[in-house]
Amino acid sequence: MKTDYQKIPLVFNVYKPVGPSSFSIVHHFKKNLGYDFGKIGHFGTLDPFAEGVLLIGVQGAQRLNDYIHELLPKTYRAVGIFGGKTDTGDLTALVNVEKHIAVEFQKMAKGELEEKLAKHFLGEYWQAPHSVSATKFEGKRLYEHALAGRLIQKEKVKREILDFKIARYEYPEMEFEITVSSGTYVRSFFEEVAELLGGYGALQILERTAIGENTSANGIRQKDWPIKGEMFDLEKWGRPLDQVLRLNKVRLTSEQTSKYLQGQRLKLDLIELVYDSQQELISSQNILWVYNQDSHLLGLARPLNEELAAIFNLQLAISLFL
């Protein structure tokens with residue numbers, strides 16, 4: 001049975017250019033996709049000055065939002081300039097105070113500086129959201145408070161730095177790659193790097209190069225975005241949910257499929273667990289993709305008290321197999 005891409009949740013890996021907001025790109029897709037796609041939304045904001053991977057979900061794919069944020073690391077390429085501080089943490093704003101890092105670090109070799117910073121930052125990392133960011137406070141984004149003249153300093157929360165490499169270092173410029181847990185602000189990270197080295201710094205360039213397996217190299221460039229009245233190849237550009245989030249699977253018999261889609265829980269010891277050694281799985285314990293015996297995706301579920309409990313099921317699966 002051929003998959004009807006107009007009826008299943010899909011995620012688009014869109015390459016956001018510098019300039020437009022994440023909201024404006026979602027609005028473009030909503031206005032121009034040209035079919036009844038239901039709700040639409042994105043998985044993680046990119047500021048206007050940033051570019052790179054912006055995941056957009058349709059047909060209920062947004063229900064994956066929390067799991068993508070929790071399970072998929074994000075990789076960034078950034079260029080930071082030492083010597084000045086701005087209100088936004090980037091150079092879209094004017095430098096309001098200057099302070100160069102210590103001379104010994106200005107002259108330090110790239111490899112030696114990378115080793116020092118990796119030793120300090122890699123692993124568990126406590127960070128406060130930037131005061132000019134999309135994090136909410138009292139129902140409003142922090143940048144909205146900032147525009148009203150109120151800079152909010154929120155409590156630090158635990159994040160994780162998974163990888164850090166300096167690609168180029170020619171003082172005062174440092175180009176680096178960093179892989180982080182969701183919710184980590186690279187602008188704040190670079191400010192803390194500068195502070196550790198005795199000075200100030202702000203980002204000049206920020207590109208999100210990956211969210212999990214979704215890379216900027218495979219992102220939909222602006223020339224290929226949907227245009228109203230023209231055909232947009234959903235099968236080419238849309239990724240089904242189980243390709244965006246790689247998880248262990250369970251496969252149900254015909255009888256189990258019917259019970260599962262009716263909301264009944266199933267005994268885990270009676271269900272076939274499918275493990276694909278070719279896939280790099282994100283998680284194998286807490287959530288599972290559920291398929292029928294013909295390998296059609298039914299929904300997402302979790303083990304609960306030795307039973308399989310549905311998190312959500314796909315409407316197409318319910319209409320076809322129930």
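Taking the Cβ of Tyr67 as the centre, find all other residues whose Cβ is under 13 Å away and add up their charges (Lys, Arg: +1; Asp, Glu: -1).
On the way: positive: Arg63, Arg246, Arg302; negative: Asp66, Glu70, Asp242.
Taking every Cβ under 13 Å from that of Tyr67, the sum is 0.
Please return the longest range in the chain lying between exposed loop sites, taking trypsin sites (Lys or Arg not before Pro), DSSP loop only, at most 15 other beta-carbon atoms within 10 Å, and leaving the sites out.
157-220
Once the piece of chain linking Leu94 and Asp269 is laid out straight, how much longer is it, given 0.36 nm per residue of separation minus the C-alpha distance between them? The partial results should precede the final answer.
Details: separation 175, 0.36 × 175 = 63.00 nm, distance 6.16 nm.
Additional length available on full extension: 56.8 nm.
If you take the Cα Rg of the chain and divide it by 2.2 N^0.38 Å, with N the number of residues, what do you get? Intermediate results must be reported in sequence, preceding the final value.
Details: Rg = 22.4 Å, N = 322, 2.2 N^0.38 = 19.7 Å.
Ratio of Cα Rg to 2.2 N^0.38 Å: 1.13.
Pick out which of Pro226, Pro172, Pro73 has the largest mean-square fluctuation in a Gaussian network model of the chain, springs linking Cα atoms closer than 10 Å.
Its mean-square fluctuation being the largest, the pick is Pro172.
Can you find, among Phe49, Leu64, Ile8, the residue farthest towards the positive end of the dipole of segment 1-99? Put +1 on the C-beta of Lys and Arg, -1 on that of Asp and Glu.
Going by the Cα projections, it comes out as Ile8.
In the chain, carbon and sulfur make up what percent of the accessible area (probe 1.4 Å)?
Numbers: 7840 of 16480 Å².
Its accessible area is 48 percent carbon and sulfur atoms.
Could you give the length gained by full extension between Arg221 and Lys119, i.e. 0.36 nm per residue of separation minus their alpha carbon distance, to one decimal place? Let's see the in-between values first.
Details: separation 102, 0.36 × 102 = 36.72 nm, distance 3.66 nm.
Gain on stretching Arg221 to Lys119: 33.1 nm.
What whole-number value in Å² describes the accessible area per residue of the chain for a 1.4 Å probe? Each step should come with its number before you reach the end.
Details: 16480 Å² over 322 residues.
Ligands and nucleic acids excluded, the figure is 51 Å² per residue.
Check each of the GluC sites (Glu not before Pro) in segment 182-277 and keep only those in coil by DSSP with at most 16 other C-beta atoms within 10 angstrom; list them in order.
Values: sites: Glu191, Glu192, Glu195, Glu207, Glu213, Glu230, Glu235, Glu255, Glu272; in loops: Glu213, Glu230.
Passing both the DSSP loop test and the Cβ count: Glu213, Glu230.
The values are calculated or read from the model by the stated rules, or taken from the named source; none is laboratory data. Bear in mind that the values here come from a model prediction, so they are computed numbers and not experimental data. Cβ atoms come from the backbone with ideal geometry, glycine included; neighbour counts cover every protein chain shown. These accessible areas exclude ligands, DNA and RNA; they are computed on the full protein's heavy atoms, side chains included. Shrake-Rupley method; radii C 1.70, N 1.55, O 1.52, S 1.80 Å.
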